[in-house]
Each structure stands twice: as structure tokens, then as C-alpha cells.
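Just below is one structure, and these are the notes that go with it.
The values are calculated or read from the model by the stated rules, or taken from the named source; none is laboratory data. Keep in mind that what you see is a predicted model, and the values were worked out from it rather than measured. Using ideal geometry, Cβ is built from the backbone for each residue, glycine included, and neighbour counts are taken over all protein chains shown. Quick note on the areas: whole protein, heavy atoms, side chains included, nothing else; ligands and nucleic acids left out. Shrake-Rupley method; radii C 1.70, N 1.55, O 1.52, S 1.80 Å.
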Amino acid sequence: LLTPAGEPVPPSQLQGAFEAILASPADARGGSAGVGHLTSLPRGEWAALREQLCAAAPANGASLKQIDEALFAVCLDGSSPEELGEVNRAMLHGRGIDRWLDKSFQLVVTENAKAAINFEHSWGDGVSVLRLANEMFDASTALPTDTPAP
């Protein structure tokens, strides 16, 4: 969320990036065979498959390196859950193809604008993630909102 110069990326630039991702063909976004589900496998299996992906094409290794270097993942979930059980499933694992479980946390946003933080947790992680969520909420409510034109 920072430019190479260390400045915050403007919200309009982030919005443009998200819109470009959403406008791309489904196959480019993982379609029905996304790689993210592989991160749910046992470590050894995922490591072996990761090596195969990297060996298959240099672009695979470069893409995985970019993901590895990211602070967190943003998961643009194509569902529009309404019922509590649907929302819980969407936030926990969705279809699995657009989650990256190797990240400490993922910001999951559904098509109908529901959002949650999915994070790997152990006994002490909840406090820091709750602090992050509170900081994000406070910062987001302090920003001016764009109201779409009618």
C-alpha cells in the first residue's frame, strides 16, 4: 500500500487496480483452478507442487515471489452472501481458489461489499489482528467517501 518512495498509494489508484482485476477474464483470475487452494495442503505437498510450478515456467516463480513479498493478500470473493452461514463460509474459505493461506492474514471482500480479515491464529494473534482491524476501521471512517452519481 506504499509506493516505492514510501508514500501511501492513493485510494483512486487502488480502486483502479481492483477494477482492472475484476474486469479481467475469469481465467486470468483463477477461474475454477486457482493456485490458492494448494496453500491448504500439508506443507510438504505444497512445497513439492510449488517447485513444480516454478520449474514449469519462469513467470510462475516470479508471481509466487511477488505474493511471498506482499504483506497480506486481498481476496476479491465473487460471492454475495447474505445469510450468516454463507457469510461465514465466504470469509473462512470461499471456494478456496482465491485464498492464500501462506499469508499471515487476508482481507476478504465479497461482491456485495461484506469484508473480514481471515488470519492464521495462535494463542496470541487475536489481540494484534483486532488492533489492526480497529485501526483500519478508524482510518477508513475518517476518509471522505465517494458517492456514485445517480
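Give the residues of the stretch 30-48 that are in a helix (DSSP H, G or I) and open to solvent by less than 60 Å² (accessible area, probe 1.4 Å), sorted by residue number. Let's see the steps before the verdict.
From the stretch 30-48, those in a helix (DSSP H, G or I) are 36-40, 43-48; that's our starting set.
Scanning the stretch 30-48 gives G36, L38, T39, G44, W46, A47, A48.
I need the full set of residues from the stretch 98-133 which are among the small types (G, A, S) and over 20 Å from P81 (Cα atoms), in order please. Working first, answer last.
Keep residues of the stretch 98-133 that are among the small types (G, A, S), which gives 104, 113, 115-116, 122, 124, 126, 128, 133.
Of everything in the stretch 98-133, those that are among the small types (G, A, S) and over 20 Å from P81 (Cα atoms) turn out to be S104, S122, G124, G126, S128, A133.
Assigned to a loop (DSSP other than H, G, I, E, B) and small (G, A, S) - does that describe any residue in the stretch 137-146?
Within the stretch 137-146, none of the residues are assigned to a loop (DSSP other than H, G, I, E, B) and small (G, A, S).
Just checking, how many residues over the stretch 104-129 are touching an Asp or Glu at 6+ places or on another chain (Cβ under 8 Å) and either part of a loop (DSSP other than H, G, I, E, B) or not aromatic (F, W, Y) (or both)?
6
Checking N60 against (1) at pLDDT below 90; (2) open to solvent by less than 80 Å² (accessible area, probe 1.4 Å); (3) of a type in the set (S, T, N, Q), only one condition comes out false. Which one?
(1)
Being of a type in the set (S, T, N, Q) and either under 21 Å from A47 (Cα atoms) or surrounded by 13 or more Cβ atoms within 10 Å (Cβ to Cβ) (or both) is the filter here; which residues of the stretch 100-127 pass it?
Passing the criteria: S104, Q106, T110, N118.
From the set of residues in the stretch 60-107 that are among the polar types (S, T, N, Q) and touching a Ser or Thr at 6+ places or on another chain (Cβ under 9 Å), which is farthest from G36 (Cα to Cα)?
The selected residue is S80.
Is it the case, given these coordinates, that P4 is over 19 Å from I117 (Cβ atoms), open to solvent by 90 Å² or more (accessible area, probe 1.4 Å) and at pLDDT below 90?
When the stated conditions are applied, P4 passes them.
Is it true that K65 is within 22 Å of I21 (Cα to Cα), basic (K, R) and surrounded by fewer than 12 Cβ atoms within 10 Å (Cβ to Cβ)?
Taking the combined requirement at face value, the residue satisfies it.
Could you give every pair whose Cβ atoms fall below 6 Å, whose first residue belongs to the stretch 76-104 and is within 13 Å of K114 (Cα to Cα), and whose second residue is assigned to a helix (DSSP H, G or I) and not basic (K, R), counting only separations of at least 6 or pairs across chains?
D77/A90; S79/A90; P81/V87; P81/A90
Of all residues in the stretch 82-99, how many are in a loop (DSSP other than H, G, I, E, B), buried (at least 17 other Cβ atoms within 10 Å of the Cβ) and modelled with pLDDT of 90 or more?
The number of residues fulfilling the criteria is 0.
Any idea which of A48, A115, A62, A142 is over 20 Å from the mean Cα position of the chain (by Cα) and under 27 Å from Q15 (Cα atoms)?
Working: A48 fails: under 27 Å from Q15 (Cα atoms); A115 fails: over 20 Å from the mean Cα position of the chain (by Cα); A62 fails: over 20 Å from the mean Cα position of the chain (by Cα).
None of the others qualify; the one that does is A142.
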